[in-house]
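Colleague: Quick one: the structure is below, questions incoming.
The values are calculated or read from the model by the stated rules, or taken from the named source; none is laboratory data. As the structure is a prediction and not an experimental result, all values here were calculated from the model. Glycine gets a Cβ as well: all are built from the backbone with ideal geometry, and neighbour counts include every protein chain shown. Side chains included, ligands, DNA and RNA excluded: accessible areas come from the protein's heavy atoms. Shrake-Rupley method; radii C 1.70, N 1.55, O 1.52, S 1.80 Å.
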Amino acid sequence: MKAVCWMGKESIEVHDVADPQIINPRDAIIKVTRTAICGSDLHLYGGLIPTMESGDILGHEFMGIVEEVGRGVKNLKRGDRVVIPFTIACGNCLFCKGDLWSLCDNTNPNAHIAETMYGYSGSALFGYSHIYGGYAGGQAQYVRVPFADVGPLKIENDLPDDKVLFLSDIFPTGYQGAVNANIKPGDTVSVWGCGPVGLFAIASAYMLGAGKVIAIDRFPERLALARKVGAITIDYSKDDVSIIEALRDLSGGVGPDSCIDCVGIEAHSHSAAGLYDKVKQTLKLETDRPFVLRQAIQAIRKGGTLSIPGVYGGVLDKVNFGAAFGKGIHMAMGQTHMHKLLKPLLAHVEAGDIDPSFLISHIVGIDQAPDMYAKWQKKEDGVTKIVIDPWQSTINPTTDGRIFPTTTRTLVP
Ligand SMILES: [Zn+2]
Ligand SMILES: [Zn+2]
């Protein structure tokens, strides 16, 4: 089969590799019909996540048709249409039983690596380095799904793939980001980063009753989508903009009730602090660039809630924890507890409350995937979200995969 493989930092290639096989009774083999590149795949592309090995198959956002199931999988049969959550959970451990699915104790065979860094390991992830289990990802024609009696969400409607695919990660991840922000009716919420997770966090904040959402980014195509979802936008790259002051002005002088950091590890800033992070990260004196986290801690109102769906990997420098303490803020973070969110969010899509496909800018064949990684990393050609059909080599060749201006779409039909 064909698969999108990580070959080294900023090196992605499509290779012919062996088809996956059932290894355990609880496995299923899925024929992938649609997969997507995630913003967090760019951390892998940029070489920021350790323990990647040359030839690793990428991809944790995918869906498809059940091809084969192990004898322990009774809930699925060949031909079922399924979306697969990006976290892998056993369904039986203390954490799965406690609805903390992304903290599953049993799915990461390389837990010892994570334990040396973090004390304990979270759940395994598809296609996301050997720290997270070393499972092959879904940017391929077939994928082995372990614990398939627990994870896959059956799609029993005729909605097209593009409307349900993002249940695999970015919609639940943005939604959990908003839930963790403890939003009360009428609250003012600020969201850093208007990539896919940020856009779903904005939409979810309104679904949860926010009165006003303020979104921060610098790319015009993303800011335009954020406005489509109803946010007031701030372009932080404009020289005369102070984010802290702007947020204070937009929140009656007290600061936002909730702040959501949808940026994480690779924050960008023109400021001296931004440069400081870049230098320290390059010299490996700091693993993450926590610029957004610092700014959010500064901006948030006293007693507010800071939610962090953006991914962090390691040790942070110069985070003003005293400010967080002094203002008595609440913080919530972590990987998404996918398994508890899939069904309720599918119901929202089926009811027509939200059309997740609105943010797709590019639909490509598998052989175009390496180019699309490069393009998205450089933020070229208005990329907002890339979807791959692994069974076609090339799609939309005349526009290099771009479908049409995303600004013609709406999130809430
Ligand atoms: Zn993702
Ligand atoms: Zn578990």
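Colleague: Condition check: small (Gly, Ala, Ser) and open to solvent by 20 Å² or more (accessible area, probe 1.4 Å). Does Gly326 satisfy that?
Modeller: yes
Colleague: Check Glu67 against each of (1) open to solvent by less than 20 Å² (accessible area, probe 1.4 Å); (2) in contact (Cβ under 8 Å) with a residue 40 or more places away in the chain and name the one condition it does not meet.
Modeller: (1)
Colleague: Here's something else I'd like to know. Considering the stretch 230-244 alone, what residues qualify as being of a type outside the set (D, E, K, R) and in contact with a strand residue (DSSP E or B) (Cβ under 8 Å, 6 or more places away or on another chain)?
Modeller: Gly230, Ala231, Ile232, Thr233, Ile234, Tyr236, Val241, Ile243
Colleague: Same structure, new question: How many residues are hydrophobic (A, V, I, L, M, F, W, C) and within 16 Å of ligand 1 (Cβ to nearest atom) if we restrict to the stretch 13-37?
Modeller: Number of matching residues: 3.
Colleague: Output the residues belonging to the stretch 78-113 that are within 19 Å of Val315 (Cα to Cα) and either open to solvent by 70 Å² or more (accessible area, probe 1.4 Å) or touching a Pro at 6+ places or on another chain (Cβ under 7 Å) (or both).
Modeller: The one that is within 19 Å of Val315 (Cα to Cα) and either open to solvent by 70 Å² or more (accessible area, probe 1.4 Å) or touching a Pro at 6+ places or on another chain (Cβ under 7 Å) (or both): His112.
Colleague: State whether one or more residues within the stretch 167-178 are open to solvent by less than 10 Å² (accessible area, probe 1.4 Å), under 17 Å from the mean Cα position of the chain (by Cα) and away from ligand 1 (no atom under 16 Å from the Cβ).
Modeller: yes
Colleague: Quick check on this structure: which one of Asp162, Asp158, Asp149 is closer than 29 Å to Leu76 by Cβ and without any contact (Cβ under 8 Å) to a residue 40 or more places away in the chain?
Modeller: Asp158
Colleague: Residue pairs, Cβ under 6 Å, 6 or more apart or interchain, first in the stretch 88-113 and among the charged types (D, E, K, R), second open to solvent by 40 Å² or more (accessible area, probe 1.4 Å) and more than 16 Å from ligand 1 (Cβ to nearest atom). List them.
Modeller: Listed pairs, sorted by first residue: Asp99/Lys340; Asp105/Phe95.
Colleague: If I filter the stretch 384-391 for residues that are in a loop (DSSP other than H, G, I, E, B) and more than 30 Å from Asp16 (Cβ to Cβ), do I get at least one hit?
Modeller: Yes.
Colleague: Now a separate question. Among the numbered conditions (1) at pLDDT 95 or above; (2) within 26 Å of the chain's Cα centre (by Cα); (3) assigned to a loop (DSSP other than H, G, I, E, B); (4) not basic (Lys, Arg), tell me where Ser237 comes up short.
Modeller: Tallying (1) at pLDDT 95 or above; (2) within 26 Å of the chain's Cα centre (by Cα); (3) assigned to a loop (DSSP other than H, G, I, E, B); (4) not basic (Lys, Arg), Ser237 fails exactly one: (1).
Colleague: How many residues are modelled with pLDDT under 95 and under 14 Å from the mean Cα position of the chain (by Cα) when one looks only at the stretch 198-219?
Modeller: Here the count works out to 0.
Each row is one residue, and each column tells you yes or no for (1) modelled with pLDDT of 95 or more; (2) over 27 Å from Tyr236 (Cα atoms).
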position: Asn157; (1), (2): no, yes
position: Asp161; (1), (2): yes, yes
position: Phe171; (1), (2): yes, no
position: Ala178; (1), (2): yes, no
position: Asp187; (1), (2): yes, no
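Colleague: From Ile244, Ile183, Ile214, which residue is open to solvent by less than 50 Å² (accessible area, probe 1.4 Å) and part of a strand (DSSP E or B)?
Modeller: Ile214
Colleague: Can you name the residue in the stretch 114-144 that is free of Cβ contacts under 8 Å to residues at least 60 places away in the same chain and not hydroxyl-bearing (Ser, Thr, Tyr) and, of all such residues, is most open to solvent (accessible area, probe 1.4 Å)?
Modeller: Only one residue fits best here, namely Glu115.
Colleague: Let me ask you something else. Condition check: open to solvent by 10 Å² or more (accessible area, probe 1.4 Å) and part of a helix (DSSP H, G or I). Does Lys163 satisfy that?
Modeller: So Lys163 passes the test.
Colleague: Any residue that is assigned to a strand (DSSP E or B), buried (at least 21 other Cβ atoms within 10 Å of the Cβ) and modelled with pLDDT of 95 or more - is there at least one of those in the stretch 340-353?
Modeller: Checked against the condition, which is being assigned to a strand (DSSP E or B), buried (at least 21 other Cβ atoms within 10 Å of the Cβ) and modelled with pLDDT of 95 or more, the stretch 340-353 yields no hits at all.
Colleague: Something else about it: If you take the residues in the stretch 87-103 that are over 24 Å from Cys38 (Cα atoms) and among the small types (Gly, Ala, Ser), which one is farthest from ligand 2 (Cβ to nearest atom)?
Modeller: In this case the residue turns out to be Gly98.
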